[in-house]
Every structure is written in C-alpha cells, then in structure tokens.
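Structure, as structure tokens:
The values are calculated or read from the model by the stated rules, or taken from the named source; none is laboratory data. Please read these numbers as outputs of a predicted model, since none were measured by experiment. Cβ placement follows ideal geometry from the backbone for every residue including glycine, while neighbour counts extend to all protein chains displayed. Heads up: the accessible areas ignore ligands, DNA and RNA and are worked out on the full protein's heavy atoms, side chains in. Shrake-Rupley method; radii C 1.70, N 1.55, O 1.52, S 1.80 Å.
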Number of protein chains: 4
Amino acid sequence: MSTFLFTDAHDDFRASVRSFSQSRLAPGYMARASSSEFFWDTYRELGRQGLLGLGVSEENGGQGADLITVGIACEEIAGADYNAAFTVFNASVAGGMLEKNLQPGLREKWLPGVLSGELLTGLALTEPESGSDAQAMRMKATRVEGGWLLNGEKTSSSLAAHAHGLVVFAKTSQDGGTRSVTAFFVPLDAPGITRHALNDIGFKPIGRAAVAFEDVFVPDENLMGEVGRGFQMVMGEFDYTRSLLGLMCYGSAQAAIDMTVAYAKQRKAFGQPIGRFQGVSFPLAEHATYLEGVKWLSYHALALRMAGRPHTKEAAMIKWWGPQAAVRAIHDCIVLHGHVAYSEDLPLQQLLRDVSGLEIGDGTPQIQKMIVAREMFGREYLPYAAPKATS
Amino acid sequence: MSTFLFTDAHDDFRASVRSFSQSRLAPGYMARASSSEFFWDTYRELGRQGLLGLGVSEENGGQGADLITVGIACEEIAGADYNAAFTVFNASVAGGMLEKNLQPGLREKWLPGVLSGELLTGLALTEPESGSDAQAMRMKATRVEGGWLLNGEKTSSSLAAHAHGLVVFAKTSQDGGTRSVTAFFVPLDAPGITRHALNDIGFKPIGRAAVAFEDVFVPDENLMGEVGRGFQMVMGEFDYTRSLLGLMCYGSAQAAIDMTVAYAKQRKAFGQPIGRFQGVSFPLAEHATYLEGVKWLSYHALALRMAGRPHTKEAAMIKWWGPQAAVRAIHDCIVLHGHVAYSEDLPLQQLLRDVSGLEIGDGTPQIQKMIVAREMFGREYLPYAAPKATS
Amino acid sequence: MSTFLFTDAHDDFRASVRSFSQSRLAPGYMARASSSEFFWDTYRELGRQGLLGLGVSEENGGQGADLITVGIACEEIAGADYNAAFTVFNASVAGGMLEKNLQPGLREKWLPGVLSGELLTGLALTEPESGSDAQAMRMKATRVEGGWLLNGEKTSSSLAAHAHGLVVFAKTSQDGGTRSVTAFFVPLDAPGITRHALNDIGFKPIGRAAVAFEDVFVPDENLMGEVGRGFQMVMGEFDYTRSLLGLMCYGSAQAAIDMTVAYAKQRKAFGQPIGRFQGVSFPLAEHATYLEGVKWLSYHALALRMAGRPHTKEAAMIKWWGPQAAVRAIHDCIVLHGHVAYSEDLPLQQLLRDVSGLEIGDGTPQIQKMIVAREMFGREYLPYAAPKATS
Amino acid sequence: MSTFLFTDAHDDFRASVRSFSQSRLAPGYMARASSSEFFWDTYRELGRQGLLGLGVSEENGGQGADLITVGIACEEIAGADYNAAFTVFNASVAGGMLEKNLQPGLREKWLPGVLSGELLTGLALTEPESGSDAQAMRMKATRVEGGWLLNGEKTSSSLAAHAHGLVVFAKTSQDGGTRSVTAFFVPLDAPGITRHALNDIGFKPIGRAAVAFEDVFVPDENLMGEVGRGFQMVMGEFDYTRSLLGLMCYGSAQAAIDMTVAYAKQRKAFGQPIGRFQGVSFPLAEHATYLEGVKWLSYHALALRMAGRPHTKEAAMIKWWGPQAAVRAIHDCIVLHGHVAYSEDLPLQQLLRDVSGLEIGDGTPQIQKMIVAREMFGREYLPYAAPKATS
C-alpha cells in the first residue's frame, strides 16, 4: 500500500529520478552553477530522459505525467542540481502552455524541440516599472496588417538570455481592465529585439535577461489563445508554478541539511562531533520540520489542482513560505559549517544564492500575503488587492 | 474525484462532524471550559454519535474507522470545542489500546462503557521526577500471589481526576532496560489509591491529576500485554497521538483565525476596518500558512502509519511544531483584538490556555527535537539519553 | 567610576530599591496578583518609601527624581511584583502630569494624597470604538455655566475601578482636528459616573475598568492645561510611558529567567540537570540577550528625554518590542518547567498574564510600528492615519 | 547636555567621521569591495585621519581615544564602507595589543607604520581543525637557541593575505592547560611561511588567508607578553572586539535600511509608493528596532569595559545577535527591492556577503550562546564549556 497520494508508479518514478539526479546531475552542479553559459548538454540529457515533456500529453510527444509526478521530478532534481530542476520546472509549465495555446502550425514547429532539449522558451511578463501589478504594464501590441507590432521592454525574464522563443504579454487595449492583455509567442531572432543578460548573484546559467522590443512584427499565427485573455492564461499558471516551486525549495534545502548532518557527524569540537551538541542538532531538526510542512502543503496544492479545486490560497502560501524556509535553512547550514563556510568553494554558498532568487521571482512575499489575505477575507472585502491588480 | 488522501466517505464524514460540532459543541465551549466538572452529558452525546469508538473495531462495538477519519474528527471537533476533541482523541487512542491489550474478560467488562461515554479511562505514565525519561521511572509493581502490588506516584495524568480506570506503567524489574516496564489496567476504586486534581490554567474539565498508589493490589487479569513490554506498548502509541495532536492544533488555531478575520472585518480604526491594514492581515496570512503546513504534515504522518511505514520523525516534528504554531497564532489573534482582548470573556483567552497544554503534555519540545535529530543523525550516533551525547 | 549613564547615586538607589522589593514585595506577589482587591497596604508602603513621588518635584512634596531613577525603580520593582511596579509607574507619570497641569487649588488638594498612597488616580482615554485613533473619540465636553458637562464612555482605564480621580479626555469641538480634545480632572464620586471593572486575565488588582459619564458636571477649576490641548498633553507622555514600560518588561522577564535558571540547575533528566542541555540553556541565553537589548534601548530613550531630544521613534520601538520580548521569554520559561508548569500554582503563569497586558495597553504593536515607520519615512510621507496610505 | 554616555566631544567626533565616511568612503565601497586587492590608498588616508591610531596612546603616536570613541568610528565608517570599518576596528584592537605586548625595540619599529597605514598586521589563532576550542590547537613553538621554531598551520586569518606581520598563537607546552599557549609577533617575510588567500564570498579586499609555518624561526624579542599567557592575552580582547563588532553590524545594516526607505518612497505599485504598504514599512520598522537594541547594548558593553567591569556575557550576546540582526535586516532589504534586487549590481548584495562573515568569525553563534549560558548558570555549573575549552 502506498502512502499519501503516491501510487507505486509514483514511488518508482521517484526512485528512478533520484538515481539519475544523484549520479548524473549532482557531480557537475557547482561547475554549471558558477558559469553564465547554458548547460545545453545536460539539458538535452534531461530531454532524452523524458523530463522535459512531463507537462505535455503523450499524443503530442510528451509524457502526459500527472502533476504529482511533475512535483516529484522537481523535488528530486532540485536535491541534486537546483538550476537543472528549474529548467525541468520551466519545461513542464511552458510545455503545457505551448501545447494548449499555440496555434497548430506553430505547435508542430516548436514543441518537438522543446521536448528534446533543442529549443528553449520562457515567459516575458515583468517590466522595469511593474512587477506583480499588471495594470501598470506598458508593453503594447498594435494591430497591423497580418499581425501585430510589439513595443516596450520586459525584464527579469528567466532563460531569456539563451531562449529561442518567449511568450510575451502585451496590452492590446488601453482600458486597463483584465481583458486588456494578450499573449504572443515571439521567436527571439525577430528583428527589433535586443536582449541583455542580468548580472545575477546566482541562477547564473539560467540567463535572466531584459528584452527590449522595438517595432517587432509578430504574425497572426503567433497569437496565443484569445485576444485580451493573456492575463487569465498566465494567472492560472501561477497557482501551478507556485506549488511546484515549494518542492524545489524542499528538495534543495533538504540536500543542504543532509550535507550538514554529514559534516556535523565528523567535525569535532571539545572532543566530540559537533552534531552531539543540541545547539547544532536542534536548529537542523527545526528547519527539517518546517521544510516537511512546505513539502506536504505543496503536494496537497498539486492534488487540489489535479482535482480541479481552487488552490490559489495554497499556492500563494507556498510561494512566500517555501523560499523563506529554504533560504533560512541553507543559511543556517552554512553557519553551522564554521570557518570553512565563508568561501565560494562551499557548494552551499552557491545553493543559497541560487535558491534565494525564488524569494522574489514569481511574485514577492508581500504580493503572496496579499493574495492569501484576500482569499481569507474575501475578494470584495480587500478590494485594494483587486484580482486584476494583484494576481 | 477527491483530493489528497481523502475519499468521498472522508469528505462526507468531515461534513457531518463539522455540522455536529458547530451546532452542538461550539455554543457551550466556554461554559464547559471554565468549569472543573467533567462534561458527562456532552461526553455521552459524543458516544451516541459514535465518536468515542473510532479507534475500536466494529466487531468489538466500535466504528473501525481508519486513521485519516480519526484525524478528521480531531480536527473538526477541536475547531468547536478543544476539550471535547481531547476526549475523542483520548477515546480513539485508549479504545484501541484497551481492545488490543486488555484480557478478554476485562475487555468485555470495560469496552462497551468506554464506547458509550459511561466510562472514562486514561494513561498514567509521567512521575514527579520523570517526564519523558522512562529510565528514571520509580513506580514499582511487585509480584504477589494472584497479582501485583503497585507503589509509587504518577502525575500529570489527563482525565485521572474523573476517570474510572487508568493504564498504569510500572517497573517490574529494576535493571533499567527498556524491558523493565509493564502496563496494568487499574480501576480507580481500588483500595490504596489517592488522587488530587491539579490546579491547571486551562484544560480544566479534563481533570489532570496526580495519583498516589500505596500497596494497590492488581489481579493478574489486569496485566496488559506481556510483562516487560509496557514501554514498547506506549511508545508506539506516541507516534500516533503526536500525529493526531497536530490536527487538534490546526483545528483550534484555525478557528481562532476565523474569529479574528470576522472581527477585523467589522472593527474600525482610522476610518476603515482594521483588516484592510496589512499590519493586521499579513500576520493572519502567515499564521494560516504555518498551520496549513502542520495540517498536511499531520495527515501525511497518519498516512504513513496506515501504510505501516515508520513515522517517528514526522510525529515528533508535529508534536513540537504544531502546538507552537497554534499557540503563537492564537496569541496574535488575541493581540489583534486590541483592548477587548485582555479579558476572561474573550473565548480566545480560554482557548490559548487550553491549547498551551499541548506544548508540554506528551513530551516537551526539547524531547521531540531530540527524537527528530536522532532520526536524522542515526540512533547509534545520537543515543537518545546518553549524557555524553548531549552535554 | 560608574558605567553607562548611571551615577553612584543611581547605583545606590538601585541597590536600595532592589533590597526593598525583594524582601517586602516579592513574597506577596502571587497573593496580591490573584485578587481583584487593590493592595492599599502595599501601596501606602510604596508611598512611605517615596516611590510614588519620583515624578514630582521636591517643592511639591515629591522626590524630584530624574528619569533614569524612575526607570531603575520600574525595573527593580517589576522584578519582584509586576503590579506594584505598575502603580509606581502610574504614580510617576500621573504625579508629574497632575503637578504640571492641575490648577493650583486642586493640585494642593490632591497631590499629597497621591504621593502618600492615600489617593489613586488614572487616565481615561480609550473608548469602546476607539483605541489609538484619537480622531474617532466620541466623549464630549459641553460648555455650561461654571464648567463643563461630560457625556460618553471610556474603557480600558487602568486603576479606574479603585481610583479617586481620573484625567479624562473629551472633545470640546467637533472639527476633528488635533486641537479638539481637552483634558479634565474628574473626581470619581461626581454624580453621573458609573464604573464596572473588567474581568481581566491578569493585572487583576489594577482594576481596569469601563467608566460611563452621563451629564457629569466638572467645574472650571478642573480643566487641565488649555482647552483644545489635551491631545498634545497626553501624546508627549506616551513617549515617556513607553520608555518606562520597556524596563518593566525587562525586570519581570529577567526575574522569570532567573527562576528558570534556578529550576534548570536542579531538575534532572537523563541523569543530569536539564540546564546542561543546550536545548534548555540556549533559549534562555537568547531571551536574555533580547531583553538586554530592550533594557539599554529603554535607558537610552530616557536619556534622550532628559536631554530634551526627540525620542518618539525609540519609545514606539520599545512599546511593541519590549512586551513581545518579555511575553515570549516568560512563555518559554514556563514550557521549560515541563509538566509542573501547566498550573495556576506556578508564579510564572500569573506573571505571563500580568505582563501580556502590556502588549495591548498604551497602543497595539500595529500602532507602534506605524509610528516607527512614520518617523523613518517622514510624517509627510506617511500621514499617520490616512486610509489611502495604509490600504 | 548630551545624552547617554556621549560627551560633546563624542558628538563632534561622530559628526566629523560621518562627514569623512560619507564623502570619501561611501562612493568607492562597491569598487573596493568587489576586488581582492587591498585598498592601500584608502587605508593610508584612514591613517592620515588618525583613524588607525584610536587604540594607541598619544605618547606612542596614537589618538588615545576612549572606547566609546572607537565604537563611534566603527559604527559610522561601517555605514559607508564595511571593509574600511573592519580595518579601523582591526587597527584599534591590534594597535593596542602591539603597544601593550610588543617588546620596546619591536614596538618602535612597527607601531609608527601601523598607525600611518604603511604596515598591516593581523591575528592568527584559528586552525583547520580547531575554531573556538583552543585546547585542540596544534601549532607548536619549540624552544631553540635565541628564539623559537614555529610549526603548524593557521587559517581564517583576516588580512593575512596582505599583512606584514601577524600575532601568532602557538603551544609552548603540551599539557593542554590554559597556560600552554604563547603569542609571537611574526613578520610575514620570515623564511618558512606560505600563505594562500581564501576564496571568500565577501570581505574580498580583507584577504582572509591560510598560513603554513614550517620551521619558522622567531627570535626572543618577538615573544609577546609572557610565555604561556597568550591565551589570556587574546581572550580579554574578545570581549572588546565582540562589543565593537555590534556597532559595525548596526552601522552597516542601518545604511541598508536607509537605502531601502529611500527606494520604497519612489518605487510604485498599485498606484502608490510601496513604502505606504504596511507589508513593506513594518518589516523595516521591526529590523530598525532590533538593530537599535544591538547598538545600545554594544555601547553599554563598551561602557562596562571602560569602567573595568566584567562584560563577557554582554560581549557574547552582541556577537551572536548583532550579526544575525544585521544579516536578517539586509536580507529583507534586498527582497523589498523586488526584481532589481537579484543582481550583483545592487550594493546591498555585496553588503550582505561582507557582513555575513561576522556570523562566524570571532566565534560561531553556538560558542557565544555557550558563553552567555555559562555566565548565567555559573562556570562551575556548566563545566563542559570550561573556560579553557570554550573561550
């Protein structure tokens, strides 16, 4: 009998991903993480393992995995290589989004490459003057013959420095309502596009970038979903991405704790291993506890999504709490290493910076708490965080 | 389709218990909670609802409920009447223990009353000089003809002030090993027993008491399980009780949050409801998040137990974290009520004191973190009680 | 040489107050604290010791003590009897306020009794529908011949159940500006006054009460300060009271820590005193650290006040942080006592409830953080109460 | 009148150091902080300002400043350039140590250069296998004719990559008692010395390094203090350095808060500056409060030291709490910057890494809490943290 909501198939999948991650990904994490080059070889290997197609149906060449399976993949891979886990996460979300929203011709052209690891795509939503406040979006799409002209600037777009295509959100009307935003799929070799990679403290191979669009022409076939429905398209995904992120937080922070337990067993002070001091073991026990809470709340949110039930509140809870719990755990793991810890050579230092990006990306803690509070108080009651404005 | 590990039957059971609890239990909580009398009427009503037999098989007159169902009962009832939930919790655990370990004659004599709410039983483990350190136990059972003589003192025994019988743990050998403790079922009208109720800050109707045993004769038929196996009998239950307690913490603290949300919607300051200030809504969102983590970790631990998998670590995590999360949430809910909060008339003040008992009962936070750490580091590495390991 | 800002006279005063408090006040704390009677004998003894006249000049019969001296008294007495410390605190603040603002005739009539402990006075500011939001005040003073008629209701007024007179704040104009509030000294035997004591969880002898005023006539001579300047009169005092409260928090919580250290030295588990486990000693070290921070910030704020420098920010910092630090410390001290802790018989349980009143009284944590933020951001930037600014 | 323990001279000194720091140091902080080169020009300018001689008497060419003055310098300079503040801190401590303990000939040779910024010296105490546990020290000094031969390895020695001389602690007897350690002043051009700089995450120009000693000859005149008294020499300094570090923590974190307040005033979301959301302003108010506590506790500890009173407990409190409070504040300041924060271009990211070194250097949080607990419980009571072993 399986526990919780895991079937035997889930357990088998976990074992297989863990084995792959620990043997093939863990050893090269540091080398890849400290470079700004994208790890194409590793990425294609993820593709060969089928890990880039988890979110795409089998008929379109994917794995047709359920959401719990995607969660397991994110958790296990993050325990070995946080950045590789991010690309699996991205592929699962973006893959599903492209499958559902790309027009058939474009889908046939792009999807196989996305699944095999030959093509990389991302999302461009944030702008220099607007983060989670979508009403403040300035990027415009103007109707022209046969398509649209895009003008504006996006920033903080993960993978944009290396990607071949982006899902770009732009205003197609200026009334400011929730039906003013439309999504376009934009190949990044289109004329008028300039990118520059951001000088990030971690997450380096992921290539977060700013992308400027100057009269970029996008043909009609690149329209994704309906005109004016772009906002709804991406909002629904946030409930999903935020739930998955919790498992990446768990996986990476639990790996940090495991490393620290191993260290505390052999490092001695005052004649015995430091792990025998409660001043060392208790903080580890506390962090492990919080992370366990993050983990099971995350799987619960995925289960709600699978059942078609609302999970906006749970997703927002995970998004503010998961990264905080992970960053605090990894931080304390570093301090517990003592004087060897203050060095770029300690993998935990790299991991801390990589994971800390999640504290901000996909919505700040403040935005998430606004969403949680709105769900608790009722949307009509907390109108200052009106749906169109905050989510 | 049901989410997580809940079947439709679970969902139906939850709806029914919630309806019963909110309509029948919630209104009288304050009155019952501030009295030191046991709420026999309410207790028998719980019996009639079948809520006292969840942990006993159908063939022995119980409900034969699975553990998830017991968890749901604890959660929902605690959301209405924390102390009533404690008796359901106690009946589920004690019922199962009596069913499994009482000799048949005694079982037939006691079990029906326990299930109907006519008889009350509890556990007597803690002693004045020993809490979680079982090796320090002093209570002795000496072999005499036809039975045993009990001598010693127990304390902090929940329900003992009102109970008809107690499962009493006593040393049957003095070698101090884990096989030196034996369990006996002791009717409290046996000669030589003196009880005095403790003057508790909350949990008042539950009647925590000290019980002194002076040459108390217990016949052989009252032996529970095997001689020398009492410690194992109760330790295995702790993994269960600690998991359930997490759901009582969740249920009661979530009720406090709900009350506070309702208050913050109508109480005004500076011209608007105080719930619109993030200084009010954010702490509520944060506590709700932590409690959600406690909840799903608790159900996960119950699922592990149902699947026969180890869950000692998870149970200990729940035991230190759940009460802390609940007490902190309720505390902040009180402060958010402002100057009306500093009064015995606010039910949250009663609730805070009732729930705070869980911070200590069933093992202090320190003990739980020792257990978690031992599971993380390995038992051979952190030998539970060794002075050298902890100082 | 003396340290910090303490002269030798300060050190001598501290030694003397400590000796008095520990020998005369500490033994009866529990008995007095659990009664709703006011401790008149103790209060008069405080008067004989000169501890009720610290805030009044020598020419008016007081001690003319500097603010550091008042702080020392609050700290030391709170370490023995929190409620007695509150009355010394109240006498110091109210004494100074009466001396400065009462008209000469009334001053001569009342001040000697206040200093000797025969007369008790308090403040009445809070109303059922308004806490720290003075603009929402509804109590009215209407001009009539020879005086004023007071109508309205005050609540949460400390000592009001026992007091002989109250400084009452009422609106003398309805324009809602900061010059609309006036202070009156109101003897509580005036016709039209009804009081009822609140059923508080702690702070019991202090007699927090609601007071209703129905056409209560107050003659002109009872006007305190200028018409329309009541708000300013009390606001300036808040910077003072909040600084002093930090030292009451420190004194009482440090006493709790001392008791717990003593307990942890003798209580044994696993063969040794529990204080030798870092899981016990580290939380005590952490709380002691935070409290030390509260203490020296409090003395710094008093020093700023003595030097005539602004200290609104520091006072608000102390007010939200001091009580939180004290309540958390005392709470953990209780839990560290294990199963003996969950009893009314443990003085720390009484202390927890007494001190917890400070979390709310004199302004909630939310109000204090608003004040701190306003001082950090600039008043023009965060206009105190503007709905638009906070939602 | 001046507040607290500051004289007018202190206030004037603060104004002057602040003006110098903000105009001369702040602008180049980022450039210097991201380089592994030592900032000799800046250092000599600190020398010309007299800031390197604060801890040395006027008769030996220093400023003869009192400890409060040194604290002011550390606080103000850290608010502009954390690493420059570290060198002033180092010079104050090392200068005093060299003045007191160097033999006259060597003192005349080295001290002038140390004061002018031409010569740099540091301390070498930590070893690869021993941090705060001095009994585990392996570095040996063997008596030879005319001096001593040093063998062993030191690590985590600040400034050692650039320094001209180090105070090196080595065992001169193997009995393991507190009198087995002796201090030597070792010029770093002595034969047999190999250094390698550590690849630190921050603190880069400071050049933390490992230093290997292979038969390094040190003449008798380089002996510092008495044989066997090295441990006492350095222990007394720790109470001093830990107090000063609290003010560096305060200065740097307060600067981070000031930057974030400025940012939150202009960055907009949902139509208004984000500083008007309590979700943004309250965390800033909370961090500012904790830091204020750290600050006044630090000045109090310095005042105790000036008065010749014990302050070991206070120093250890500051050492674990100050860096934690600063790191948490700077971390949250970063997150409050939103998506622009995850970049090496944000000075706060550099500052976070620079300050985080203080969490470990000079003793881990665990060691500090052991010391605090020992002071609270009594040294005889907590012998596992015996003076020789833990401090």
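Looking only at segment A:52-74, residues that are open to solvent by 10 Å² or more (accessible area, probe 1.4 Å) and over 22 Å from residue A:166 (Cβ atoms) come to 9 in all. Of all residues in segment B:296-312, those being open to solvent by 10 Å² or more (accessible area, probe 1.4 Å), more than 8 Å from every other protein chain (Cβ to nearest Cβ) and touching a residue at least 12 places away in the same chain (Cβ under 8 Å) number 3. Which is without any contact (Cβ under 8 Å) to a residue 24 or more places away in the chain and over 19 Å from residue B:372 (Cβ atoms), of B:329, B:341? Testing whether each residue is without any contact (Cβ under 8 Å) to a residue 24 or more places away in the chain and over 19 Å from residue B:372 (Cβ atoms) leaves just B:341. Residue-level analysis places residue B:94 outside the set of residues that are in contact with a helix residue (DSSP H, G or I) (Cβ under 6 Å, 6 or more places away or on another chain) and crowded, with 18+ Cβ neighbours inside 10 Å.
Every residue in segment D:116-142 that is closer than 20 Å to residue D:64 by Cα and surrounded by fewer than 24 Cβ atoms within 10 Å (Cβ to Cβ), please.
D:116, D:117, D:118, D:119
Of all residues in segment D:371-391, those that are open to solvent by 10 Å² or more (accessible area, probe 1.4 Å), modelled with pLDDT of 70 or more, under 18 Å from residue C:272 (Cβ atoms) and assigned to a helix (DSSP H, G or I) total 1. Looking only at residues of segment C:194-211 that are β-branched (Val, Ile, Thr) and either touching a residue at least 40 places away in the same chain (Cβ under 8 Å) or part of a loop (DSSP other than H, G, I, E, B) (or both), we find that the one that is surrounded by the fewest Cβ atoms within 10 Å (Cβ to Cβ) is C:201. Only residues that are more than 30 Å from residue C:359 (Cβ to Cβ) and outside any helix (DSSP H, G or I) were counted across segment B:298-340, and they come to 5. Out of A:237, A:214, A:221, one residue alone is assigned to a strand (DSSP E or B), in contact (Cβ under 8 Å) with a residue 12 or more places away in the chain and either away from every other protein chain (no Cβ under 13 Å) or farther than 19 Å from residue A:358 by Cβ (or both). It is A:214. Of all the criteria given as (1) modelled with pLDDT under 95; (2) touching a Gly at 6+ places or on another chain (Cβ under 9 Å); (3) of a type in the set (Val, Ile, Thr), the one not satisfied by residue B:318 is (1). Here residue C:22 does not qualify as away from chain D (no Cβ under 14 Å), of a type in the set (S, T, N, Q) and buried (at least 21 other Cβ atoms within 10 Å of the Cβ). Consider segment D:264-275 and keep the residues that are assigned to a helix (DSSP H, G or I) and more than 9 Å from chain C (Cβ to nearest Cβ). The one that is least open to solvent (accessible area, probe 1.4 Å) is D:274. Within segment D:165-185, if we keep just the residues that are in contact with a strand residue (DSSP E or B) (Cβ under 9 Å, 6 or more places away or on another chain) and without any contact (Cβ under 8 Å) to a residue 40 or more places away in the chain, the residue that is nearest to residue D:95 (Cα to Cα) turns out to be D:171. Only one of (1) farther than 30 Å from residue A:342 by Cα; (2) surrounded by fewer than 16 Cβ atoms within 10 Å (Cβ to Cβ); (3) not assigned by TED's automatic domain parsing to the domain that holds residue D:68 fails for residue D:148. Which number is that? Residue D:148 satisfies all of (1) farther than 30 Å from residue A:342 by Cα; (2) surrounded by fewer than 16 Cβ atoms within 10 Å (Cβ to Cβ); (3) not assigned by TED's automatic domain parsing to the domain that holds residue D:68 except (2). Being outside the structural domain of residue B:146 (by TED's automatic domain parsing) and in contact with a Cys (Cβ under 9 Å, 6 or more places away or on another chain) holds for only one residue in B:253, B:264, and it is B:253.
Select from segment B:159-184 the residues that are open to solvent by 30 Å² or more (accessible area, probe 1.4 Å), of a type in the set (Gly, Ala, Ser) and within 24 Å of the chain's Cα centre (by Cα) and list them in ascending order. Within segment B:159-184, just B:161 meets the criteria. For segment B:240-263, the set of residues classified as within 11 Å of chain A (Cβ to nearest Cβ) and surrounded by fewer than 24 Cβ atoms within 10 Å (Cβ to Cβ) consists of B:254, B:257, B:258, B:261, B:262, listed by residue number.
Checked against the criteria, residue A:289 does not count as of a type in the set (Val, Ile, Thr), open to solvent by less than 30 Å² (accessible area, probe 1.4 Å) and under 30 Å from residue D:157 (Cβ atoms).
Among residues of segment B:98-157 being within 14 Å of chain C (Cβ to nearest Cβ) and closer than 18 Å to residue B:191 by Cα, the one that is nearest to the chain's Cα centre (by Cα) is B:124. Screening segment C:1-49 for helices (runs of 4 or more DSSP H) wholly inside it with 1 or more residues that are more than 15 Å from residue C:72 (Cβ to Cβ) returns the ranges C:29-33, C:40-48.
Applying the criterion of being open to solvent by 60 Å² or more (accessible area, probe 1.4 Å) and of a type in the set (A, V, I, L, M, F, W, C) to the residues of segment D:215-233, the residue that is nearest to the chain's Cα centre (by Cα) is D:227. Scanning segment C:276-297 for residues that are over 18 Å from residue C:330 (Cβ atoms) and in a helix (DSSP H, G or I) returns C:276, C:278, C:279, C:296, C:297.
Scanning segment B:337-366 for residues that are more than 7 Å from every other protein chain (Cβ to nearest Cβ), more than 18 Å from the chain's Cα centre (by Cα) and open to solvent by 20 Å² or more (accessible area, probe 1.4 Å) yields a total of 3.
For (1) under 24 Å from residue C:203 (Cβ atoms); (2) touching a His at 6+ places or on another chain (Cβ under 6 Å); (3) without any contact (Cβ under 8 Å) to a residue 60 or more places away in the chain, each residue gets a yes or a no:
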position: C:87; (1), (2), (3): yes, no, no
position: C:91; (1), (2), (3): yes, no, yes
position: C:105; (1), (2), (3): no, no, no
position: C:133; (1), (2), (3): yes, no, no
position: C:138; (1), (2), (3): no, no, yes
position: C:146; (1), (2), (3): no, no, no
position: C:153; (1), (2), (3): yes, no, no
position: C:158; (1), (2), (3): yes, no, no
position: C:163; (1), (2), (3): yes, no, yes
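Within segment A:43-55, at least one residue is in contact with an Asp or Glu (Cβ under 9 Å, 6 or more places away or on another chain), small (Gly, Ala, Ser) and more than 27 Å from residue A:201 (Cβ to Cβ).
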